[in-house]
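Peer 1: So that we are looking at the same thing, I have put the structure below in structure tokens.
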Amino acid sequence: MDELDVRQKLNEEDSIHRITELRRLTKGGETTVNVFRAIKDALSTHPDSPKLWCIRGDCIQLGPEDSPYSLEDALLSYEKALIIDPGFPEAHESIGYYFDVIDIDLGRSETAFREAIRCGAGDSSVVGLARVLIEQGHPISQILSFIDQHDVEHSPMLQEIRGEIEGGMWQPKQSNEEA
């Protein structure tokens, strides 16, 4: 990496830090006009940053209802991150949650979480995939076995989720016909 690359990377990290701080300082972490402006400015300088595209998608999802962006713009942001870096785990994970929570498509959600894990994503993707597998009606024993393939011993998040699943707190969503 030459000196110019190092300066650009530091500048990109500074932009990410500023956006994170702006979000932290706003009421309840709400995405504001200032946050969207900072993201737009950062992307104009660093259009090839998959991290910034993912931040944009996250901010759109968490933004106010009167945001100029649609939820589909969030998905497009994650997809743009994957065009830049097909192995970027955060983008796969975000797509997994998008199709689990926003535009329900459990098959696409499962595929995205599996790809995120394959690309090195952490516990959040394991939890997301476990949720999807439960929603799809997979046997609890199979899901617990999947979780146990990961570093449960050193992960409070996975320990908690495993305990909740064993305790019956996670159940498949009822279909409209059952509700």
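The values are calculated or read from the model by the stated rules, or taken from the named source; none is laboratory data. Not measured: the values here are computed from a predicted model. Note that each Cβ is placed from the backbone with ideal geometry, even for glycine, and that neighbours are counted across all protein chains shown.
Peer 1: Please list, ordered by first then second residue, the pairs with beta carbon atoms under 6 Å, 6 or more apart or interchain, first in the range 36-60 and in the same structural domain as Glu21 (by TED's automatic domain parsing), second among the acidic types (Asp, Glu).
Peer 2: Pairs found: His46/Glu12; Ser49/Glu12; Pro50/Asp85; Cys54/Glu90; Ile60/Asp73.
Peer 1: Further, regarding this structure: Looking at the structure I just gave you, is Leu129 of a type in the set (A, V, I, L, M), modelled with pLDDT of 95 or more and surrounded by fewer than 19 Cβ atoms within 10 Å (Cβ to Cβ)?
Peer 2: no
Peer 1: For the range 120-148: of the residues being of a type in the set (A, V, I, L, M, F, W, C) and over 27 Å from Ala91 (Cβ atoms), which is farthest from the chain's Cα centre (by Cα)?
Peer 2: The residue in question is Ile140.
Peer 1: Here is a check on your reading of the model: is Ala116 touching a Ser or Thr at 6+ places or on another chain (Cβ under 6 Å) and either among the charged types (D, E, K, R) or not assigned by TED's automatic domain parsing to the domain that holds Ile39 (or both)?
Peer 2: When the stated conditions are applied, Ala116 passes them.
Peer 1: Give me a count of the residues in the range 39-94 that are in a loop (DSSP other than H, G, I, E, B), among the charged types (D, E, K, R) and over 22 Å from Gly128 (Cβ atoms).
Peer 2: Going through the range 39-94 one residue at a time, the tally reaches 3.
Peer 1: Can you tell me which residues in the range 133-148 are under 18 Å from Asp100 (Cα atoms) and either among the polar types (S, T, N, Q) or in contact with a helix residue (DSSP H, G or I) (Cβ under 9 Å, 6 or more places away or on another chain) (or both)?
Peer 2: Answer for the range 133-148, where residues must be under 18 Å from Asp100 (Cα atoms) and either among the polar types (S, T, N, Q) or in contact with a helix residue (DSSP H, G or I) (Cβ under 9 Å, 6 or more places away or on another chain) (or both): Leu133, Ile134, Glu135, Gln136, His138, Ile143.
Peer 1: Test Met157 against the criterion of being surrounded by fewer than 17 Cβ atoms within 10 Å (Cβ to Cβ), of a type in the set (A, V, I, L, M) and in contact with an Asp or Glu (Cβ under 6 Å, 6 or more places away or on another chain), and give yes or no.
Peer 2: When the stated conditions are applied, Met157 passes them.
Peer 1: Of all residues in the range 45-57, which are out of contact with any Asp or Glu (no Cβ under 9 Å at 6 or more places or on another chain) and either of a type in the set (A, V, I, L, M, F, W, C) or crowded, with 21+ Cβ neighbours inside 10 Å (or both)?
Peer 2: Of everything in the range 45-57, just one residue is out of contact with any Asp or Glu (no Cβ under 9 Å at 6 or more places or on another chain) and either of a type in the set (A, V, I, L, M, F, W, C) or crowded, with 21+ Cβ neighbours inside 10 Å (or both), namely Ile55.
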